[in-house]
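Trainee: Here it is, the structure in full.
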């Protein structure tokens, strides 16, 4: 099958590397001059007006690697070729208001929120929610961009100056212990598979470290997370990978997990699955969108972790001389705050995993901005 | 690093898929019209007289996917770019006589053998060795081609007619219980890693099934095999993967393993390592030839197996609906006796593995010729 991917970055690259052994061919639509995916398929130049039609024509089925793409474009492509996940999943993921309304409708707990279109509405929202709040753009936010935390009344003015002109959402600040994510796949037959809850550590809004399974997660918490993402998958008639970011509140019962946002795609917090799971998220996404049975998601090792390589690539030999480490670089040049690759770690127990993570402490400092 | 591979078949394809995450780029020298590797790098057309120089120029280091290539060519390439494994490893692997002499020199047991260049020499060899013997061409044999078994005096004439005109070797028939192989990697620093002994089941000279670790193998047998391949690696100053095919005689001591032949490359009996080992043979070959530390070879699961898909591709859905199975297709069209792909299986115990292999019994019949 010929699979077209809107975008030609590292997610497309890793989807192709996972899909080629299934005898799929890959085509990408993006910028050929900066295309980590180009090693694994032809890149149609998005600056060339005739390229889109050629890309669509070349593809049997089309997917994407970012939710920050033009939904109109995807809707038009759907008239010609199947697109998975569909534009429905894409639109809900693109807009924090409709997304949060969907979560509410499906009884997935969310932080209280208000739409904000003026400074008055912002002040009204704060009167309802109290402080602190998080003020976010409803669209195009990623890696911590497009948001501001308002802790005191003095922060209101600067936050408004920073974000005004966008449609905004004011969210109650969730008192959480840590950030988790769950990744699941659904195919067109409605079959689901779920990966274990991951614990994600961010700095400056960028994911630094993922640990799987999230330390200390109970079976009940895993089940609750699966129940939430399963509701979303079925409600959206989603085909492909879906990621749900959650806050772990430490509370008992339904309020244990508060949904933050979802992404209709393979996700940075699922990269561990390349070494840690029987079938990685990339292969399961490709299996799902190409109508194949989904692969087993059980862990190959008791514990797995993923360290992002950011800004600088660091010492390849240092990484590869650690037997429990695997290196995945994206073919990108070094630049501050740029995701250049990741390291997957596997371990049989928590002590070994802590040793491994400590071993890469210096590396994470050097290759972390 | 830019890695050039002589050949553009499935082995090149899988080397590239394993090497791309290490940020290597791949170039191939072969037939672009029939190139499983073309999905992962540019193929320089071997029919174009200017392509070889361009291929060499594009590559920082060069390797190959078959020992049935022109050694003169490789020797000439070595004058311009590093080639791993070197032409020394290649020449010894290409010629059954020099290969067997090397085995003897390193105290690696081999079947008694005689060089045969005439019908008289063949009869002389039979007088020394007794019957049965195996008569083989000294060069270019693979997948059971270029050989004949002489069981009785009546077989001498037909075998001679079949093989005459080639330099031949007459080998005593080894009374073996099963065929094993060991795969190892060595890098330029002289570091080694070893995979567990694999048991290989052939039919019509073509590998059908590999099981790892070979059932019932003792630690002593594994050590003996590692000792043999280690001698070869060091003697040849080999860089890359080396495969040693062995006969398991069931005897005690040094005669437990009789060496059959070696291959200076990734090997069909190592494909299981893609799912079964912490680092697969393809990645370790690429790590070795690109000067990187070697990866851990420990098994991710207690048992692994590999089934070759031959002639017909069979039902993808059947394979992928088995959670313990992984599918690797090569992008080739169906043709009798053609290797089109393989299935990797993993299991926690022998009962489960036997169930899995039995489950694919029908598949192996259908996709086995």
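The values are calculated or read from the model by the stated rules, or taken from the named source; none is laboratory data. Note that this is a predicted model, so its numbers are computed, not measured. No Cβ is skipped: glycine too gets one built from the backbone with ideal geometry, and neighbour counts run over all protein chains shown.
Trainee: Does residue B:221 count as buried (at least 24 other Cβ atoms within 10 Å of the Cβ), assigned to a helix (DSSP H, G or I) and more than 14 Å from every other protein chain (Cβ to nearest Cβ)?
Mentor: Numbers: buried (at least 24 other Cβ atoms within 10 Å of the Cβ): no; assigned to a helix (DSSP H, G or I): yes; more than 14 Å from every other protein chain (Cβ to nearest Cβ): yes.
When the stated conditions are applied, residue B:221 does not pass them.
Trainee: Do we find a residue being farther than 17 Å from residue A:170 by Cα, surrounded by 14 or more Cβ atoms within 10 Å (Cβ to Cβ), in contact (Cβ under 8 Å) with a residue 60 or more places away in the chain and touching a helix residue (DSSP H, G or I) at 6+ places or on another chain (Cβ under 9 Å) anywhere in the range A:109-126? Lay out the reasoning, then the answer.
Mentor: Restricting attention to the range A:109-126, the residues satisfying the condition of being farther than 17 Å from residue A:170 by Cα are none.
Taking every residue of the range A:109-126 in turn, none turns out to be farther than 17 Å from residue A:170 by Cα, surrounded by 14 or more Cβ atoms within 10 Å (Cβ to Cβ), in contact (Cβ under 8 Å) with a residue 60 or more places away in the chain and touching a helix residue (DSSP H, G or I) at 6+ places or on another chain (Cβ under 9 Å).
Trainee: Tally up the residues in the range B:1-50 that are over 20 Å from residue B:330 (Cβ atoms) and within 9 Å of another protein chain (Cβ to nearest Cβ), please.
Mentor: Adding up the residues that qualify gives 3.
Trainee: If the requirement is being within 12 Å of chain B (Cβ to nearest Cβ) and either within 27 Å of residue A:22 (Cα to Cα) or at pLDDT below 95 (or both), which of these qualifies: A:329, A:320? Don't jump to the end; show me each part of the working.
Mentor: Details: A:320 fails: either within 27 Å of residue A:22 (Cα to Cα) or at pLDDT below 95 (or both).
Only one candidate qualifies: A:329.
Trainee: Quick one: residue A:209 ticks every box in (1) in contact (Cβ under 8 Å) with a residue 40 or more places away in the chain; (2) outside any strand (DSSP E or B) bar one, so which box is it?
Mentor: The number of the failed condition is (2).
Trainee: How many of the residues in the range A:246-273 are in a helix (DSSP H, G or I) and either touching a strand residue (DSSP E or B) at 6+ places or on another chain (Cβ under 6 Å) or not assigned by TED's automatic domain parsing to the domain that holds residue A:345 (or both)? Step through it out loud before you land on a result.
Mentor: Step one: filter the range A:246-273 for residues in a helix (DSSP H, G or I), giving A:253-256, A:268-270, A:273.
With either touching a strand residue (DSSP E or B) at 6+ places or on another chain (Cβ under 6 Å) or not assigned by TED's automatic domain parsing to the domain that holds residue A:345 (or both) added as a condition, the list becomes A:268-270.
The qualifying residues number 3.
Trainee: Among the residues of the range A:102-124, write down those that are part of a loop (DSSP other than H, G, I, E, B) and under 26 Å from residue A:160 (Cα atoms). Please lay out each step first, then the result.
Mentor: So in the range A:102-124, the residues part of a loop (DSSP other than H, G, I, E, B) come out as A:106-109, A:111-112, A:117-118.
Listed by number, the residues that qualify are A:111, A:112, A:117, A:118.
Trainee: What number of residues within the range B:351-367 are under 22 Å from residue B:337 (Cα atoms) and in contact with a strand residue (DSSP E or B) (Cβ under 7 Å, 6 or more places away or on another chain)?
Mentor: Residues flagged as under 22 Å from residue B:337 (Cα atoms) and in contact with a strand residue (DSSP E or B) (Cβ under 7 Å, 6 or more places away or on another chain) within the range B:351-367 amount to 4.
Trainee: Out of all the residues in the range B:81-94, which are in a loop (DSSP other than H, G, I, E, B) and surrounded by 20 or more Cβ atoms within 10 Å (Cβ to Cβ)? Write out each step before concluding.
Mentor: Narrowing the range B:81-94 to residues in a loop (DSSP other than H, G, I, E, B): B:81-82, B:84-86.
Hits for the range B:81-94 are B:84, B:85.
Trainee: Further question: Count, please, the residues in the range A:83-107 that happen to be in contact (Cβ under 8 Å) with a residue 24 or more places away in the chain and closer than 19 Å to residue A:291 by Cβ.
Mentor: Going through the range A:83-107 one residue at a time, the tally reaches 5.
Trainee: Please specify each residue of the range B:57-69 satisfying the condition of being within 29 Å of residue B:138 (Cβ to Cβ) and in contact with a strand residue (DSSP E or B) (Cβ under 9 Å, 6 or more places away or on another chain). First the steps, then the outcome.
Mentor: Quick first cut of the range B:57-69, residues within 29 Å of residue B:138 (Cβ to Cβ) only: B:62-69.
Scanning the range B:57-69 gives B:62, B:63, B:64, B:65, B:66, B:67, B:69.
Trainee: Provide a single number: the residues in the range A:268-290 that are surrounded by fewer than 23 Cβ atoms within 10 Å (Cβ to Cβ) and more than 14 Å from chain B (Cβ to nearest Cβ).
Mentor: 1
Trainee: Answer yes if at least one residue in the range B:160-181 is assigned to a helix (DSSP H, G or I) and either touching a residue at least 24 places away in the same chain (Cβ under 8 Å) or touching a helix residue (DSSP H, G or I) at 6+ places or on another chain (Cβ under 9 Å) (or both), and no otherwise.
Mentor: The first filter runs over the range B:160-181 and keeps only residues assigned to a helix (DSSP H, G or I), leaving B:160-163.
Then keep just the ones that are either touching a residue at least 24 places away in the same chain (Cβ under 8 Å) or touching a helix residue (DSSP H, G or I) at 6+ places or on another chain (Cβ under 9 Å) (or both); that gives B:160, B:163.
Yes, because at least one residue in the range B:160-181 is assigned to a helix (DSSP H, G or I) and either touching a residue at least 24 places away in the same chain (Cβ under 8 Å) or touching a helix residue (DSSP H, G or I) at 6+ places or on another chain (Cβ under 9 Å) (or both).
Trainee: Would you check which residues across the range B:298-317 are within 9 Å of another protein chain (Cβ to nearest Cβ) and either within 19 Å of residue A:274 (Cα to Cα) or touching a helix residue (DSSP H, G or I) at 6+ places or on another chain (Cβ under 8 Å) (or both) and list them?
Mentor: B:298, B:300, B:301, B:316 - these are the residues of the range B:298-317 that are within 9 Å of another protein chain (Cβ to nearest Cβ) and either within 19 Å of residue A:274 (Cα to Cα) or touching a helix residue (DSSP H, G or I) at 6+ places or on another chain (Cβ under 8 Å) (or both).
Trainee: Could I ask something else about it? Could you check, for the range A:330-337, whether at least one of its residues is over 30 Å from residue A:97 (Cα atoms), part of a helix (DSSP H, G or I) and in contact with a helix residue (DSSP H, G or I) (Cβ under 6 Å, 6 or more places away or on another chain)?
Mentor: Here is the first cut: in the range A:330-337, the ones over 30 Å from residue A:97 (Cα atoms) are A:330-336.
Going one step further and asking which of them are part of a helix (DSSP H, G or I), we end up with none.
No.
Trainee: Has the range A:4-17 got any residue that is within 18 Å of the chain's Cα centre (by Cα), crowded, with 24+ Cβ neighbours inside 10 Å, part of a loop (DSSP other than H, G, I, E, B) and not assigned by TED's automatic domain parsing to the domain that holds residue A:288?
Mentor: The answer is yes, given that some residue of the range A:4-17 is within 18 Å of the chain's Cα centre (by Cα), crowded, with 24+ Cβ neighbours inside 10 Å, part of a loop (DSSP other than H, G, I, E, B) and not assigned by TED's automatic domain parsing to the domain that holds residue A:288.
Trainee: Taking the condition of being without any contact (Cβ under 8 Å) to a residue 12 or more places away in the chain and either under 24 Å from the mean Cα position of the chain (by Cα) or assigned to a helix (DSSP H, G or I) (or both), how many residues in the range A:22-72 meet it?
Mentor: Of the residues in that region, 6 qualify.
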